[in-house]
1. Work from the charge dipole of the chain (Cβ charges, +1 for Lys and Arg, -1 for Asp and Glu, about the Cα centre) and give the residue of Ala243, Thr342, Phe312 farthest towards its positive end.
2. Does the range 194-265 come out rounded, prolate or oblate by the C-alpha gyration tensor, with a ≥ b ≥ c the root eigenvalues, rounded set by a/c under 1.5 and, if not, prolate when a/b is larger than b/c and oblate if not?
3. How much FRET efficiency would the formula 1/(1 + (r/R0)^6) give for Val398 and Leu141, where r is the Cβ-Cβ distance and R0 is 60 Å, rounded to 0.05?
4. In terms of modelled amide H atoms, which long-range or inter-chain residues lie less than 5 Å from the amide H of His283?
5. When DSSP assigns beta bridges and you keep just the ones with both residues in the chain, what percent turn out antiparallel, to the nearest 5?
6. Does the range 51-193 come out rounded, prolate or oblate, given a ≥ b ≥ c as the square roots of the eigenvalues of its C-alpha gyration tensor, rounded meaning a/c under 1.5 and, failing that, prolate meaning a/b above b/c?
7. Among Asp45, Asp346, Asp374, determine the one that fluctuates most according to a GNM of the chain built with springs between C-alpha atoms less than 10 Å apart.
8. Going by Cα centres, the range 195-214 and the range 42-89 are how many Å apart?
Amino acid sequence: MKSERPLWRFPTIAARAGWHRKQLDVVMTTAPIVPSVTYLHPMHDLDAIFGGDQEGFVYSRYGNPTVAALEEAVTQLEGGEAAVGFATGMAAVHAALLSIGLKSRDVVVCSQDVYGATYSLLGTLFARLGVKVIFIDMADLDNVNATITRERPKVIWIETISNPLLRIADIPAIADAAHGADAVLMVDSTFTPPYLCRPLEHGADLVIHSATKYLGGHGDAMGGLVIGSRTRCDEVRTIAKLAGGTLGPFDAWLILRGLKTLTLRMRQQCENALALAQWLSTHPQVGKVIYPGLTNHPHHTLAKALLRDGLFGAMAAFELKNGTREQVMQFMDRLQLCLPATTLGDIYTEVLYPPMSSHHWLSPEERQKIGIGDGFVRISVGIEAIEDITADFSQALVSG
């Protein structure tokens, strides 16, 4: 016999109708979006969950079922033990660095051509805390080893493929050097989702993704992820709980949906990127093409060793021959199919001008020092027909 429902008044019914205490007893093929901020338990269970003696969700800043589903999926894809979701890639970068307990006079050794926001985060916020940040060329392994031996850093930060110069980091060699000095190696693998490379297998301690990019893949969600051992991710989650930059369930669900086609997207995008790079290499208006899949790339052999066979990523770059800032802007304005967008990793081809966007806060001298000239263009290659992509570039790459 069913218990009688309380005789609630209209405002109470309006607020509570359709509300269920338990999830439906059914197995779903797709993870649900769970927007609830808090979750109810018998008090003894709640006490055990807060105390860490029992698993469960209590408050969405601490954990959410939809976000947990994404974290579990990415953990498996990266071959880690745990993952922590964040609202953006930069929130993930910040939390990963904070989780190590960086303090005054600690040292961070970082790739000199790292993503501009990471460069600025280390050079401003962490520098103000008294952290010594050293930016070096990670391709010069002799200098990398000498710097690590001399400085005894607490953290070494690299990108699998650097943004935007597309240099390849020798993760195994740098991991050996880092661990020999008791340093933590953190790898931003945004350009190389786990279908292409799994840095943990090469010695990385933490892997960081801007899930806004290839993991989500459709330009409709923002997020960040940190993956590693359970112990390290416990520290990262503590930062997430305290700083609050956690991932919401709606974005998590969209990113989780994007993961389902990651393999298909990446294969097509990598094939298109190689074809576009080869085409650009023959164009009279192009001075230099940068793509790890080209045999003239200085790290082509290393890329073959680290990345999935025959796939070299979907990011490319080129320089307009004797190009100026104005010429690059005119080229981008003439594009009809490809998008002048300040992001990457989506299913459509996007072009970006780093001196104006991702690296605009660096001085012209700093940009020139790391190799970003006035004619430099970054390309995130999409899944469109390669003939349409090259045709669009062809009509936009006109002289004058």
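No value in this document is a laboratory result; all are computed from the given coordinates. None of these values were measured; they are calculated from a predicted model. A quick note on method: Cβ atoms are made from the backbone with ideal geometry, for glycine too, and the neighbour counts reach across all protein chains shown.
1. Ranked along the dipole, the leading option is Ala243.
2. Note, shape of the range 194-265 comes out oblate.
3. 0.90
4. none
5. In the chain, DSSP labels about 60 percent of beta bridges as antiparallel.
6. prolate
7. Asp45
8. So the separation of the two Cα centres works out to 20 Å.
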